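To start, the structure itself, in structure tokens.
The values are calculated or read from the model by the stated rules, or taken from the named source; none is laboratory data. This structure is a prediction, so every number in the text was calculated from the model and none was measured. Please note: Cβ atoms are built from the backbone with ideal geometry, for glycine as well, and neighbour counts cover all protein chains shown. For the accessible areas, the whole protein counts, side chains as well, though only heavy atoms, and no ligand, DNA or RNA atoms are used. Shrake-Rupley method; radii C 1.70, N 1.55, O 1.52, S 1.80 Å.
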Amino acid sequence: MAFRLQGGICGRIPAGKGCISNQIQASIYIPARKGQCSESEWQPCTAQMCTPSVKPLRQLMSGWRKRVRIERLGKRSDMDETQRAEAVLQAFQAARFRECLALAAPMLVDGQAPGPILLAAAQAYAKLDHLPEAAHFYHRAALALPEAAPLLLTLAARIQSQLRNDSEALRLLRLAQDHGPLTHEALFTLRRILRTQLALEELAALDGIVHQAMLAGEAWAFEGEDPLFHLMWCGDERLNSLVTHMPTGKPFTPESRMARRTRPHRFGERIRVGYLSADVSDQHPTMILFQGVLFAHDPAKFDVRLFCYTEPDLSATDHRFRRDYPNLVDIQALDDDAAEALIRAHELDILVDLKGHTRDSRVDLVNRGLAPVQVAYMGFPGSSHGVDCDYMIGDAIVLRDGSRAFYHELYCRMPDSYQANDCRLRPLPPALSKAEAGLPKDAFVYASFNKVAKITADMASLWAEVLKRTPGSVLWVLCAETVARDNFTNFMVSRGIAADRIIYAGRTEYEAHVARMQAADVALDTFPYTGHTTTSDSLWAGVPVVALKGTNFASRVSESLLSAIGLEALVADTPSAFVDMAVSLYEKPERLAGLRRHLAEQRFIAPLFDTDRFTGHLEIAFEHMVARARAGLPPEAFDVPPLPPRTKPFCLI
């Protein structure tokens with residue numbers, strides 16, 4: 001029985017006992033990998049964890065038989081095994097998945113199902129989005145079809161990973177490794193799990209395999225690599241631009257882009273802007289940064305809507321934004337057809353996609369061409385392959401002149417920093433003391449509150465060098481999972497750092513997070529995916545950030561933010577300079593005190609947290625984009641001219 005995995009991994013399930021046909025063709029199906037989690041990890045984890053256990057098949061089949069007439073075949077006793085197997089596979093090939101499972105139920109329940117039937121069950125469950133059951137039967141099929149076991153175990157592992165059962169996914173991948181070299185798909189899945197579990201040395205070796213394949217121009221590496229996780233380890237803009245894997249959706253075409261731009265459109269007196277996001281909660285990093293801009297838009301010039309398809313578990317974490325913002329349009333329950341119709345009814349001049357290749361993006365909806373001007377902003381720190389946006393909003397630091405060839409989007413460069421920051425609603429609570437934050441009261445505290453997936457072996461080794469040169473210091477790391485904590489501690493111990501010098505923080509709500517961050521002395525950045533919301537949070541909390549100069553958008557964000565508050569001197573040119581700078585702040589307390597005073601004095605004067613100034617620049621950008629579209633001119637790259645600098649505080653809390 002031949003099979004094919006989306007992403008190009010192929011193999012053959014051997015004919016054998018119980019196989020009713022030597023050459024029954026079927027396509028291996030698995031739901032597409034979703035984009036990954038958001039940039040910061042402080043927020044509470046609210047997603048329900050699916051278990052790998054299988055619901056009682058008899059109970060499921062009982063409900064289906066009431067609705068599907070032909071499923072009464074499942075109860076027939078006059079079918080022998082061959083006839084039943086033939087009927088199961090015929091139903092599967094005809095895409096009658098419930099019928100397929102009903103017919104297969106007696107064989108699945110008594111444990112006598114041959115491999116092809118187990119595979120058909122796994123496929124049918126996957127098609128019906130019953131992912132725990134699909135993973136279970138892929139695993140059973142692997143036991144029954146040993147020659148296909150590496151692929152089938154990979155499929156089971158990938159689903160378990162999607163369900164956030166990473167320990168089970170890792171166990172299945174280790175079983176796949178017992179059968180020989182990993183398939184490419186297994187390699188991608190294994191690396192994603194190891195990244196979140198901070199298995200840094202093994203991960204570095206596996207990333208190296210993919211890196212060498214990319215340098216050699218091997219197509220599988222670009223076609224299978226998740227674009228967001230790619231940025232966690234690769235700062236090479238040329239390679240970034242060649243990654244073609246799309247976690248969701250199909251790429252736009254030149255024809256679809258031209259059809260969008262030339263579609264008849266009525267411009268009004270006010271510019272109609274629609275933002276599209278799945279992250280609408282004031283506890284999510286995107287909205288923490290951006291909510292002030294939504295309230296600051298000038299209603300006399302701009303008619304703004306926020307189209308929200310946020311999942312209920314994230315929406316439930318919101319404190320007040322969803323209640324207070326009047327222009328929120330909820331499309332979460334709508335399919336793409338209904339969502340398109342609703343959005344088109346608003347006759348948008350500009351659609352701003354706040355997702356790109358990040359988790360829960362709706363690429364196919366964006367690519368339907370919902371506005372004559374479409375803009376990429378905030379979500380994905382780089383060019384989003386296949387997503388139809390005319391412009392990419394950045395600044396002169398993250399979008400360098402020499403990088404234009406690596407973007408299909410045209411540059412729209414903001415003054416100051418590209419990153420929106422809210423000074424209106426963002427909390428700034430009183431600082432916790434070190435003791436209140438669970439830290440040694442006399443220790444010098446280096447902190448890393450970035451998402452753990454950003455931590456690389458190279459950067460953690462630099463942190464170890466910093467600790468070696470600063471006796472009595474500790475490293476405070478935001479890491480909630482026990483396995484990741486154990487792996488990271490072991491890594492640092494292997495670099496000569498005592499385990500008791502590594503202190504972990506768990507997740508908490510945002511206001512409490514900002515309160516505890518202020519107990520740190522210095523924040524150490526990650527690389528090549530630097531802090532984005534996390535660096536902003538640190539500077540908002542008054543904690544200086546030591547960063548490295550970057551080589552692509554994702555690795556230049558900290559430099560952009562530090563420059564916008566007058567601390568570009570904290571961006572080191574080399575890894576050794578990074579270590580020296582972090583050590584110097586330990587050795588020179590007067591310099592550190594001066595940096596903290598600077599942050600306190602500049603918080604409400606420098607551009608970084610000036611929400612109104614940023615919104616003014618954004619509106620100038622929108623006016624320029626619409627003026628060209630209204631005149632029938634194609635998009636062009638441009639830089640937004642800066643508004644006059646502030647001389648007095650712009651915001652008081």
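Could you tell me whether F137 is open to solvent by less than 30 Å² (accessible area, probe 1.4 Å), over 25 Å from R98 (Cα atoms) and either in contact with a helix residue (DSSP H, G or I) (Cβ under 7 Å, 6 or more places away or on another chain) or not acidic (D, E) (or both)? No, not satisfied. Of the helices (runs of 4 or more DSSP H) contained entirely in region 125-226, those carrying at least 1 residues that are aromatic (F, W, Y) and either within 24 Å of P247 (Cβ to Cβ) or touching a Phe, Trp or Tyr at 6+ places or on another chain (Cβ under 7 Å) (or both) fall at 131-144, 184-196, 219-224.
With respect to the conditions (1) open to solvent by 30 Å² or more (accessible area, probe 1.4 Å); (2) more than 29 Å from the chain's Cα centre (by Cα); (3) not charged (D, E, K, R), V483 lacks only one, and its number is (2). Considering (1) open to solvent by 10 Å² or more (accessible area, probe 1.4 Å); (2) assigned to a loop (DSSP other than H, G, I, E, B); (3) more than 15 Å from R400 (Cα to Cα); (4) out of contact with any Ser or Thr (no Cβ under 8 Å at 6 or more places or on another chain), the lone condition that A569 does not fulfil carries the number (2). Among the residues of region 182-190, are any open to solvent by 30 Å² or more (accessible area, probe 1.4 Å), out of contact with any strand residue (DSSP E or B) (no Cβ under 9 Å at 6 or more places or on another chain), over 16 Å from A122 (Cα atoms) and modelled with pLDDT under 95? So far as region 182-190 goes, yes, one or more of its residues are open to solvent by 30 Å² or more (accessible area, probe 1.4 Å), out of contact with any strand residue (DSSP E or B) (no Cβ under 9 Å at 6 or more places or on another chain), over 16 Å from A122 (Cα atoms) and modelled with pLDDT under 95.
Those helices (runs of 4 or more DSSP H) of region 312-420 in which at least 2 residues are in contact with a helix residue (DSSP H, G or I) (Cβ under 9 Å, 6 or more places away or on another chain) and surrounded by fewer than 18 Cβ atoms within 10 Å (Cβ to Cβ), considering only elements entirely within it, cover 336-345.
Scanning region 527-536 for residues being free of Cβ contacts under 8 Å to residues at least 60 places away in the same chain and surrounded by fewer than 24 Cβ atoms within 10 Å (Cβ to Cβ) gives a total of 0.
Just checking: which of the strands (runs of 3 or more DSSP E) contained wholly in region 496-550 hold 1 or more residues that are under 22 Å from E590 (Cα atoms)?
Working: elements: 502-505, 522-524, 545-548.
Those strands (runs of 3 or more DSSP E) span 522-524, 545-548.
Within the option set L539, L524, L608, being in contact with a strand residue (DSSP E or B) (Cβ under 8 Å, 6 or more places away or on another chain), open to solvent by less than 40 Å² (accessible area, probe 1.4 Å) and within 20 Å of K648 (Cα to Cα) holds for one residue only, L539. Counting the residues of region 627-644 that are buried (at least 18 other Cβ atoms within 10 Å of the Cβ), among the hydrophobic types (A, V, I, L, M, F, W, C) and under 30 Å from the mean Cα position of the chain (by Cα) gives 1.
Does R238 meet the test of being open to solvent by 60 Å² or more (accessible area, probe 1.4 Å) and part of a helix (DSSP H, G or I)? Walk me through it before giving the result.
Details: open to solvent by 60 Å² or more (accessible area, probe 1.4 Å): yes; part of a helix (DSSP H, G or I): yes.
The answer is yes for R238.
The condition (being open to solvent by less than 10 Å² (accessible area, probe 1.4 Å), more than 26 Å from A627 (Cβ to Cβ) and either in contact (Cβ under 8 Å) with a residue 12 or more places away in the chain or of a type in the set (S, T, N, Q) (or both)) is satisfied by just one residue among V293, V273, V280: V280. In region 573-590, the residues that are under 21 Å from T551 (Cα atoms) and touching a residue at least 60 places away in the same chain (Cβ under 8 Å) reach residues that are open to solvent by less than 80 Å² (accessible area, probe 1.4 Å) and charged (D, E, K, R) with C-beta atoms within less than 7 angstrom, at least six apart or across chains, in these pairs: V579/E465. Each residue in region 421-437 was checked for being more than 22 Å from V640 (Cβ to Cβ) and either touching a Lys or Arg at 6+ places or on another chain (Cβ under 8 Å) or open to solvent by 20 Å² or more (accessible area, probe 1.4 Å) (or both), and 11 of them qualify.
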